[in-house]
Amino acid sequence: MVDAELIERWARRLRREIPGTVAVLLGGSYLRGDAGSSSDVDFDVLVADGPTDEWPTWFDVDGDRLVRIDAWIRDLPRWLASQEEPQDWAFGLPCSEPYQLLWTADESLRVQVDRSSLGHPAGPPELEHFIADLGKVANARERGDALGMRLAAQDLARSSPGLLRPLNPDPRPPVGSRRAALLAVLAFEVAPPGYHQDLLACLGLSERPSDADAVHAAACRLATGMVDLLETRLDTLTPLLTPQISASLRDGSLRRYVAQVVADRG
């Protein structure tokens, strides 16, 4: 854990060393309250000119330990626009990143950047990606590529919560960390049978390691159960899906395709 003096010292250094800096903010685990002895110190550095999107790292000494200092350097319009973008780490959920303004070059900017958090919207349901990932699971299995199959199963699992989110209440408040996001999607009440265990198996996060056969079986169950569930919730999902995939879900062709892929076990 670092003290406030180190944070203030780095805020001063960043605004001096990074050309065009207009604001320095603290973010990450030190604001979430879950920082540990090996946590880095995360700064957002906003610059006037863009496009700028850089992420340099430094190391500093705090007592008898080295501390990693990370700075995400972005131009101000890019930083502001990011609040309209879903975040990959949030498993498709609306999320919020904590911030504390440490310095601004112009008081007129304070109204734009002085906030306790930066919110991001939920991601859209991506049923096309989900089905494509199932195909990749099957193809890797057919080739005897256990590693490729596990990677495809992870992608399938990551696509799953975005399909279920419209059927479940959004967490309140929005999730603020990857761990919180995973716990929230695991707690979905409207989900396929065995969803909790199969999602963890596909992600490689089961308490007991799963062999390739078990991961493949989990992916097949997850895909089959997901499509069966989505067919019963067409009124909710149709406005959120493309017309083509919505039609295939409605006429049963998507269910038949999934059954075909699952039946071909390699």
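Bear in mind that the values in this text are calculations on the coordinates, not laboratory data. None of the values given here were measured: they were computed from a predicted structure. No Cβ is skipped: glycine too gets one built from the backbone with ideal geometry, and neighbour counts run over all protein chains shown.
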Once you put a point 7 Å from the Cα of I7 and another 7 Å from the Cα of Q112, both along the Cβ direction, what distance in nm separates them? 2.4 nm
Apply 1/(1 + (r/R0)^6) to the Cβ-Cβ distance of L186 and W55, taking R0 = 35 Å, and write down the FRET efficiency to the nearest 0.05. 0.70
Nearest 10, in degrees from 0 to 90: the angle of helix 212-231 to the longest Cα principal axis of the chain is 80 degrees
Cut-off of 10 Å, at most 15 other beta carbons, DSSP loop: longest stretch of the chain lacking such trypsin sites (Lys or Arg not before Pro): 116-232
Compute the angle between helix 127-143 and the longest alpha-carbon principal axis of the chain, please, reported from 0 to 90 degrees and rounded to the nearest 10. 70 degrees
Amide H within-cut-off set for N168, under 5 Å, with H built and near neighbours excluded: none
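Calculated from DSSP H runs of 4 or more alone, at -39500 (n - 2.57) each and per residue, what is the 222 nm mean residue ellipticity of the chain, nearest 500?
Computed ellipticity for the chain at 222 nm equals -14000 deg cm²/dmol.
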The chain - share of DSSP beta bridges that are antiparallel (%, nearest 5): 75 percent
What's the extension gain from S39 to R233 if we count 0.36 nm per residue and subtract their Cα-Cα distance? 65.6 nm
So, in Å, what gap is there between the alpha-carbon centers of region 1-37 and region 69-84? 15 Å
Test of understanding: what is the full-extension gain from A81 to N168, defined as 0.36 nm times their sequence separation minus their Cα-Cα distance? 28.6 nm
Virtual spin-label span in nm between R256 and L205, 7 Å along Cα→Cβ: 3.6 nm
Out of A48, L151, A201, whose Cα points farthest toward the positive end of the dipole of the chain (charges: +1 Lys, Arg; -1 Asp, Glu; placed on Cβ)? A201
Nearest 10 degrees, 0 to 90: what angle lies between the long axis of helix 4-17 and the longest principal axis of the chain (Cα atoms)? 90 degrees
